[in-house]
Structures are given as C-alpha cells and as structure tokens.
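The values are calculated or read from the model by the stated rules, or taken from the named source; none is laboratory data. As the structure is a computational prediction, the values presented were derived from the model and not from experiment. Methodologically, a virtual Cβ is constructed for each residue, glycine included, from the backbone with ideal geometry; neighbour enumeration extends over all protein chains shown. Heads up: the accessible areas ignore ligands, DNA and RNA and are worked out on the full protein's heavy atoms, side chains in. Shrake-Rupley method; radii C 1.70, N 1.55, O 1.52, S 1.80 Å.
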Amino acid sequence: MKIKKLIAAALALTCATPLVLCACDPKTGGNGGDDDEVKVGEGMKQYILEAEYTPVADKIGGAQSGSASGYDLIIQSSADGVSNGYFVSNMHMTDCTLEFEFNAERAGTAALYIRMFSQWGNTTFNPDNFGVVLNGEEITYTSLLVQGASDDNPKFADKVVTQKANIKQGKNVLELIVRENTLNTYTHSTGAPAIDCVKIVTDTGISWNPIEENLDHVGSIIV
C-alpha cells in the first residue's frame, strides 16, 4: 500500500511540472547571432557579386585613424575565407556607399546575404548605422552581430539581411550605405564593416558587369 501511494505521488508531481521544449532555429537569419548558412533550395541559384568589382574610384572612405579613398579601399588578401582574394574595407565615412548594379531576367524574390567583418571588435550593425537599400527601398533588417577582425587577419562570415528581397525585371541597384555613427573606437566617429561580397539566392537569372579593371590599381596586404 505504501509503495502504491509513493508511485501515485510521483506521478502527480510529474504531471504538475511542465516539460519545456525549445523549438528554436539558430539559422533563421537576420538576428546576427550565429553565422548564417547560405541555403540554396531546389530550383534556386546563388549569385556572388564581389565588392571589389563595384565602382570605387571616386569613393571617399576613412581608415581607422586616417584617410582612405578610391582604389585604396580594395584590399588584396590570401587569407582563408576571402572570396576572390579581395575585399573592400576602410569605408569609415558617413554616406560612403557601395553600389551593386545587376540585371534580373524576371521579377521575383531573393534571399540576400552580405559577407562581412568588423574592425571594431564584435559589432552590431542595423539600419540606423548601416543601410541596405534595394531599388530605392530601405530593407528593414534585424540587427546583425558581426565578428571583429582586421584587414591583415580577416574573418569573414555570411549574414542574411532578408529572405524576401523584391527584385524587378531588368536593372536593379543594391546600395550598402554607411550611416553616421560612433562605432569607430579610435576617434568615436563613423565606423563601417569590411565587405567581401554580396550573395543573392533566387530562382531567376541574374547577371552583372563587374569592373574587373579595379584590380589593376590595387596594392596588396598578403597574409
């Protein structure tokens, strides 16, 4: 009889205690927590637009504690994880903008990833300090926590900005815009991420005209 009472009490305690399960997906993207895996589903294609092939000749940026502009924004690197061996850095100037112009065979939606790191230690980027604009429309994305690294030891990671970017048939322009902020820990002025490339995942055909001659003007940091 005592054993039966003990069993009954144990069952009552178990039923009274809720079992909590976490149905969390760490790869949902946009929260900047973990690095975001680029997912290419059936019938989809991935297109990589290299930052070093965008118009940079007339860009005015800023180094961590000095100046940088034009082709000097392009860094050559043999480090692992650097797409195509080059990236764009030192965009530390308010309104400094990278433009990726591409053409789509037809209108549709796309997932948009930016491959990036921060020179200011682990940094949170959001639309207030780093704008992402597609065809004149601001993409309101969730904050991205970006890993800190340096130009001579870059640690790039893909960050998903949106899974549902609206691309139109024909010409599209994607702008990455540095907004005024105080992320620069040296001068407490505007800071920006380093950009390796943009990745677009969609089911429509994408083409663009990379400015490959940019590389003819580039110095190098070999790591």
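Can you find a residue that is in a strand (DSSP E or B), within 19 Å of Ala51 (Cβ to Cβ), touching a helix residue (DSSP H, G or I) at 6+ places or on another chain (Cβ under 7 Å) and open to solvent by 30 Å² or more (accessible area, probe 1.4 Å) anywhere in segment 115-130?
Taking every residue of segment 115-130 in turn, at least one turns out to be in a strand (DSSP E or B), within 19 Å of Ala51 (Cβ to Cβ), touching a helix residue (DSSP H, G or I) at 6+ places or on another chain (Cβ under 7 Å) and open to solvent by 30 Å² or more (accessible area, probe 1.4 Å).
Residue check: is Lys155 under 19 Å from Leu183 (Cβ atoms), open to solvent by 40 Å² or more (accessible area, probe 1.4 Å) and out of contact with any Ser or Thr (no Cβ under 9 Å at 6 or more places or on another chain)?
It is true that Lys155 is under 19 Å from Leu183 (Cβ atoms), open to solvent by 40 Å² or more (accessible area, probe 1.4 Å) and out of contact with any Ser or Thr (no Cβ under 9 Å at 6 or more places or on another chain).
I'd like the residue in segment 133-152 that is in a loop (DSSP other than H, G, I, E, B) and of a type in the set (Gly, Ala, Ser) and, out of all such residues, is most open to solvent (accessible area, probe 1.4 Å).
Residue satisfying both the conditions and the ranking: Gly136.
So Gly62 clears everything in (1) in contact with a Pro (Cβ under 8 Å, 6 or more places away or on another chain); (2) within 23 Å of Asp152 (Cα to Cα) except one condition, right? Which one?
It fails just one condition, (1).
What pairs come up if the first residue lies in segment 79-92 and is more than 16 Å from Gln119 (Cβ to Cβ) and open to solvent by 20 Å² or more (accessible area, probe 1.4 Å), the second is at pLDDT below 95 and assigned to a loop (DSSP other than H, G, I, E, B), and their beta carbons are under 8 Å apart, counting only those six or more places apart or on different chains?
Listed by first residue and then by second, the contacts come to Tyr86/Val218.
I'd like the residue in segment 163-189 that is farther than 21 Å from Met91 by Cβ and part of a strand (DSSP E or B) and, out of all such residues, is most open to solvent (accessible area, probe 1.4 Å).
Lys164
Results for (1) among the aliphatic types (A, V, I, L, M); (2) over 22 Å from Lys59 (Cα atoms), shown as yes or no for each residue.
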{"position": "Asn135", "(1), (2)": "no, no"}
{"position": "Thr142", "(1), (2)": "no, yes"}
{"position": "Val160", "(1), (2)": "yes, yes"}
{"position": "Asn166", "(1), (2)": "no, yes"}
{"position": "Val173", "(1), (2)": "yes, no"}
{"position": "Leu176", "(1), (2)": "yes, no"}
{"position": "His188", "(1), (2)": "no, no"}
{"position": "Ser207", "(1), (2)": "no, yes"}
{"position": "Ile211", "(1), (2)": "yes, no"}
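Among the residues of segment 39-77, what is the count of those that are outside any loop (DSSP other than H, G, I, E, B) and buried (at least 21 other Cβ atoms within 10 Å of the Cβ)?
Adding up the residues that qualify gives 8.
Output yes when any residue across segment 180-199 is within 16 Å of the chain's Cα centre (by Cα), farther than 15 Å from Phe87 by Cβ and of a type in the set (A, V, I, L, M), and no when none is.
Within segment 180-199, not a single residue is within 16 Å of the chain's Cα centre (by Cα), farther than 15 Å from Phe87 by Cβ and of a type in the set (A, V, I, L, M).
In segment 93-114, which residue that is part of a loop (DSSP other than H, G, I, E, B) and not hydrophobic (A, V, I, L, M, F, W, C) is most open to solvent (accessible area, probe 1.4 Å)?
Looking at the filtered set, the residue picked out is Glu105.
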